[in-house]
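Since the structure comes first, as structure tokens, the remarks are kept for the end.
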Amino acid sequence: MAMQKDPNLAAARILSPLRNTTKAASVDALIEEQLRHFSIDPASAYGQALARLTASLYAANMATHDLWAATTQALADLDRKDRIAWFNAKRFACFQLAKVLDTLQNPMRRTYQSLANDGGPVAGRGPYPIFDNVTAIFSATPVITRTATYLYACVEWVEDAFKGKELLHEIYSRLLNPTSISLANHIVDVEAGPRASEYFAWNFNSGMAAVDATLAHLVGYQDIVLSSRNVYGGVYQLLHDWYGKRSNLDVALEWFDGFTAEDFAVALSEVEQSYADRLAAGRHIYVYLESPCNPHGYVLNVASICRRAHEKGLTVICDATVGTPFLQKTLRREDRIERPDFVIHSYTKDLAGYGTTTAGVVIARNEDMFLPKGESVTVTAVDGRPRRISWDETLFWNVYYIKGAFLDADKAYEVINGIRTLELRMLSKCITTTVLARALAAHPGINVHCPAVPGHPNADLCRANMFLGLPAPLFTIDFEPSGGRQALSRDAFKTFFDSLEPVFGLQVSLGQTNTVVLCPALTSHSEMSDEALKDAGISRTTIRLAIGCEDPRTLLAHIIRAAELAFDPVSPGFSTQFMAADAVDNLYEAVYLDIHRRFIASRPTMGELLQ
């Protein structure tokens, strides 16, 4: 073959089995080098056919890089018609490439059979992994990849894989798995939307594993964590009992009350004064937010708090599980200074949506999540200053690679399927939450803690920060005495709670299609001291309602009957003070129509879609 130099030789070299050590100065030299590496005579008929195929593959890879560059340069200015055309043209090219691979399997299978059936233990080996798997690329849902390990191409490719430089090789499912990676890419699209290219996600086997991974990645010895008051009890326990333990990291833990940037700023000033010695010694403050919060569903002004924290050079972690990306679009803020640095979700809850699996995720900017081993990058930090990040400062190498809290393929598949119905479920739940909270708040003997109730101290922030001003499908009620009324007996409360089945599920967790209830002081927040419970607004009669997709009238009717059984004998007439039946019907109709009208109005018009 005639030797020719190619300006895209670097793109071609990526496909070489000797990509890191080759001395080839042209594509033709790469082809001959590859054939000789696998002991193929270039002059033979087989060698000449393989050389033509290899030349086509090298040329295809160079053209693909050209296409990548052309797409990146032009995409932002293309109208929708051209984007549709470009997408479908490249989509068909994927089928063409797959067809080439599928055709290649025929001569490869014949050769394999001539080796495998030559007296070896065929059954014990199982089918060869490359065969018959090509069509799985086109499965309408991601394939559940149940494997611990993967084939790799050659020595130099797997060497690159262990350095994070060859992502085609996922090596080992404790690190990477195709189903889990599909979910990670998908949640970034869902969470970050048009800014998805800036962000990266790693999945974990639970929400708590995601929280711990983030804290372990960031927080060091004698650092300070300033957290919003209302957080999940497991997070409280992790911070208080592990990170704060003197024999572990001796982290200082402080809480701030309220929901606004002003509330945060007051607490931050106090922390800076109280821990001046640690800060002078080089320790850092990290901000941990949970919004909407567990158990009350209160909303923080996350964007304003992020702005204040970033102006001080602080890193912000936000657990956005309860709101989901449907209600709270934390990473879509126009100004980056208003976005958290790390966003955490427990997939277990509303994202998966059906209570069938446990899983979690951390989302952050690309450069904070992964860089190939040995590499570094200089980026513009949120404060506008240059920031250099080394590969070993990313969450992947610092935590994910070594701790092993990965998400397996089956769980990832469950979450992917659950997310498909997220919007439908959340809209239904927000309607039920609004109706039920307002109906219960009309009873003089029930204290309702939910921003859906008009006049609630958190209502304005909910309207300003949540999609359509809708409440998260999580709130609390209690029966503590107020306004001069007498307390209900503890026994009566227990009878009431234990009578809530079967319409309410007596279950831990939240985010399912059925409404579940628990007493936080005894379950989800039982790790907290009496003083901490009081500070968090949790009493012994607090009930957390994690709302499902039911008709709110079904839920309210059961509550009334349970109150008749439990409360009327000790507080006569308690059950008669609920909202009248026709008033409940009117409330449900009004809320249902109002939310759906506003939801429709929030969608792009037909004219806008055709622009």
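The values are calculated or read from the model by the stated rules, or taken from the named source; none is laboratory data. Note that the coordinates shown come from a computational prediction; the quantities given were computed from them, not determined experimentally. Cβ: placed from backbone, ideal geometry, glycine included. Neighbour counts: every protein chain shown. Surface accessibility is based on the protein's heavy atoms, side chains included, excluding ligands, DNA and RNA. Shrake-Rupley method; radii C 1.70, N 1.55, O 1.52, S 1.80 Å.
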Subset of segment 394-408 [surrounded by 21 or more Cβ atoms within 10 Å (Cβ to Cβ) and within 17 Å of Leu351 (Cα to Cα)]
Leu407
Between Asp335, Asp350, which is farther than 14 Å from Val188 by Cα and open to solvent by less than 10 Å² (accessible area, probe 1.4 Å)?
Asp350
Which of (1) surrounded by fewer than 24 Cβ atoms within 10 Å (Cβ to Cβ); (2) touching a residue at least 60 places away in the same chain (Cβ under 8 Å); (3) closer than 18 Å to Ser227 by Cβ is the odd one out, the single condition Arg308 does not satisfy?
(2)
For segment 483-512, give me the residue count where each residue is closer than 26 Å to Thr357 by Cα, among the hydrophobic types (A, V, I, L, M, F, W, C) and either modelled with pLDDT under 90 or open to solvent by 70 Å² or more (accessible area, probe 1.4 Å) (or both).
1
Identify, please: which residue in segment 37-59 is under 16 Å from Ala153 (Cα atoms) and not hydroxyl-bearing (Ser, Thr, Tyr) and is, among those, surrounded by the fewest Cβ atoms within 10 Å (Cβ to Cβ)?
Phe38
Any helices (runs of 4 or more DSSP H) falling wholly within segment 513-611 and containing at least 3 residues that are closer than 22 Å to Pro292 by Cα and either open to solvent by 70 Å² or more (accessible area, probe 1.4 Å) or not β-branched (Val, Ile, Thr) (or both)
530-535, 581-602
Return the only residue of Cys462, Cys430, Cys450 being out of contact with any Asp or Glu (no Cβ under 9 Å at 6 or more places or on another chain), at pLDDT 95 or above, of a type outside the set (D, E, K, R) and closer than 30 Å to Pro572 by Cβ.
Cys450
Regarding segment 414-421, can at least one residue be identified that is open to solvent by less than 10 Å² (accessible area, probe 1.4 Å) and closer than 25 Å to Val211 by Cα?
yes
Log entry, pairs with first residue in segment 45-57 being farther than 15 Å from Ser26 by Cα, second being outside any helix (DSSP H, G or I) and open to solvent by 70 Å² or more (accessible area, probe 1.4 Å), beta carbons closer than 8 Å, six or more apart or on different chains, reads Gly47/Asp41
Qualifying residues in segment 221-253 (those that are among the hydroxyl-bearing types (Ser, Thr, Tyr) and under 25 Å from the mean Cα position of the chain (by Cα)) - the one surrounded by the most Cβ atoms within 10 Å (Cβ to Cβ)
Ser228
Evaluation of Leu327 against (1) open to solvent by less than 10 Å² (accessible area, probe 1.4 Å); (2) within 24 Å of Asp535 (Cα to Cα); (3) hydrophobic (A, V, I, L, M, F, W, C) (one fails), failing number:
(2)
Give, as residue ranges, the helices (runs of 4 or more DSSP H) completely inside segment 191-287 that count at least 3 residues that are touching a strand residue (DSSP E or B) at 6+ places or on another chain (Cβ under 7 Å) and in contact (Cβ under 8 Å) with a residue 24 or more places away in the chain.
207-218, 261-274
Identity of the residue in segment 438-452, in contact (Cβ under 8 Å) with a residue 24 or more places away in the chain, under 30 Å from the mean Cα position of the chain (by Cα) and in a loop (DSSP other than H, G, I, E, B), that ends up nearest to Arg333 (Cα to Cα):
Pro451
The one condition in (1) part of a loop (DSSP other than H, G, I, E, B); (2) hydrophobic (A, V, I, L, M, F, W, C); (3) closer than 23 Å to Trp157 by Cα that Ala63 fails to fulfil
(1)
In this structure, does Thr495 turn out to be of a type outside the set (Phe, Trp, Tyr), touching a helix residue (DSSP H, G or I) at 6+ places or on another chain (Cβ under 7 Å) and part of a loop (DSSP other than H, G, I, E, B)?
no
Any idea how many residues of segment 68-95 are farther than 25 Å from Ala136 by Cα and either of a type outside the set (S, T, N, Q) or surrounded by 12 or more Cβ atoms within 10 Å (Cβ to Cβ) (or both)?
13
Of the residues in segment 453-465, those that are assigned to a loop (DSSP other than H, G, I, E, B) and either among the acidic types (Asp, Glu) or open to solvent by 10 Å² or more (accessible area, probe 1.4 Å) (or both) number 5
Residue list for segment 279-297, filter: charged (D, E, K, R) and open to solvent by less than 40 Å² (accessible area, probe 1.4 Å):
Glu290
For Asp478, the lone unmet condition from (1) out of contact with any Leu (no Cβ under 8 Å at 6 or more places or on another chain); (2) over 24 Å from Asn230 (Cα atoms) is (2)
Among the residues of segment 359-384, write down those that are crowded, with 20+ Cβ neighbours inside 10 Å and touching a Lys or Arg at 6+ places or on another chain (Cβ under 7 Å).
Ala359, Val382
Checking Tyr128 against (1) closer than 25 Å to Gly47 by Cα; (2) open to solvent by 70 Å² or more (accessible area, probe 1.4 Å); (3) of a type outside the set (S, T, N, Q); (4) part of a helix (DSSP H, G or I), which test does it fail?
(4)
Kindly check whether there is at least one residue in segment 145-155 that is farther than 30 Å from His186 by Cβ, at pLDDT 90 or above and surrounded by 11 or more Cβ atoms within 10 Å (Cβ to Cβ).
yes
So is Thr476 buried (at least 18 other Cβ atoms within 10 Å of the Cβ) and under 23 Å from Ala442 (Cβ atoms) or not?
yes
